[in-house]
Amino acid sequence: MTAVFSSTSQMMRQVIYALVLGISAAYAFFGWGIIVQIFLAVVVAIAVEATFLKIRKHPIKPAIADGSAILTAILLAISIPSIAPWWIVVVGVSFAIIFGKQLYGGLGNNPFNPAMLGYAFLLISYPLPMTTWASEFVNFSQAFDVIFNLNSNMVDALSGATRLDDVKIQLSLGKMMSELNLHSSAQAWINAGFLLGGLYLLARRVIFWHIPAAFLSGIIVTAFLVSLGDGEYLPVQNHLMLGATMLGAFFIATDPVSASTTPKGRLIYGFLIGVLIVIIRTFGGYPDGVAFAVLLMNIVVPLIDYYTQPKVFGK
């Protein structure tokens, strides 16, 4: 199955359209912060992309019009906390565009997913603002005040841990599995939105089925095996419907530039990402592992593609 779109801009628009349901669900539960972050991220991405294209003496308009910088900005903006300060977005998007894309020669040459590279840089460098999430609906005025540091006291009133953090904390306190759905409904609806958006991309033949199917299979198999050990671990359903699972499966791991390109390679690539996500979530210190799992597998994509090349007919 091949994509039916003849230009990069058409494909990018389809991916952006598919993100709408998940973004709408996030807005419905957590308010205007995510909208403000997306708008800010897009403006920064376009400005940084245009600046570096001018420095490199490359045409600006075609590169901006292809939509890749805008999509990178949106993916990063919806991955960070919706009440993160404005400079988090500026630094993260700038890093993603410069070090994840332009320094490698632009779109098509980057070995890493730019949005996840920016996210990982932010999480390692600024762990506190990157793990402070909205705990309730935030109206436009509140979002503007918090993001642009106009009312620093409001952050504590509106913030809380991530849903995965909530679950892990409850598990550490010996809570029963049946009690772990207290704060998970919002994240489950958001993941459902991205799942539907991903199915739209499959139906429109924008992405191949191999990576999402293998990605989710890797999570299910690994989470099941981990659950067989001693102690309380996240059940399979929590791995699937919390965190950035569906966003990662359909929108991040499927990046056509940094992902594996052979049919067998896509299956291996997606499955191993799923395995790494569960390992990082279970035994690591970070609440989610999608970004790190994707980046680690980006490194080995050339090796995977080399050993999974289909045989040429007649040889």
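The values are calculated or read from the model by the stated rules, or taken from the named source; none is laboratory data. On a predicted model such as this, the values are computed, not experimentally measured, just so you know. Just the protein is used for accessible areas: all its heavy atoms, side chains included, with ligands, DNA and RNA removed. Shrake-Rupley method; radii C 1.70, N 1.55, O 1.52, S 1.80 Å.
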Query raised in the report: Using Cα pairs under 8 angstrom and six or more residues apart, how large is the relative contact order of segment 270-312, in percent?
Result: 32 percent
Query raised in the report: Can you give the convex hull volume per residue for the Cα atoms of segment 36-123, as a whole number of Å³?
Result: 75 Å³
Query - Helix-only [θ]222 nm of the chain, DSSP H runs n ≥ 4, -39500 (n - 2.57) each, per residue, nearest 500 - result: -20000 deg cm²/dmol
Query raised in the report: Tell me, what % of the accessible area of the chain is carbon and sulfur with a 1.4 angstrom probe?
Result: 68 percent
Requested in this report: Please calculate how many Å² of accessible area the chain carries per residue, with a 1.4 Å probe and no DNA, RNA or ligand atoms counted.
Outcome: 46 Å²
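How high is the relative contact order of the chain, in percent, counting Cα pairs under 8 Å that sit 6 or more residues apart?
21 percent
Averaging sequence separations of C-alpha pairs under 8 Å and six or more residues apart, then dividing by the length of segment 13-124, give the relative contact order as a whole percent. Before the final figure, lay out the partial values.
Numbers: 119 pairs, mean separation 31.3, N = 112.
Answer for segment 13-124 is 28 percent.
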Query raised in the report: For segment 220-296, what is the convex hull volume of the alpha-carbon atoms per residue, in Å³?
Result: 84 Å³
Report task. For segment 1-78, just say rounded, prolate or oblate: build the C-alpha gyration tensor, square-root its eigenvalues into a ≥ b ≥ c, call rounded for a/c under 1.5, and beyond that prolate if a/b exceeds b/c, oblate if not. Result -> oblate
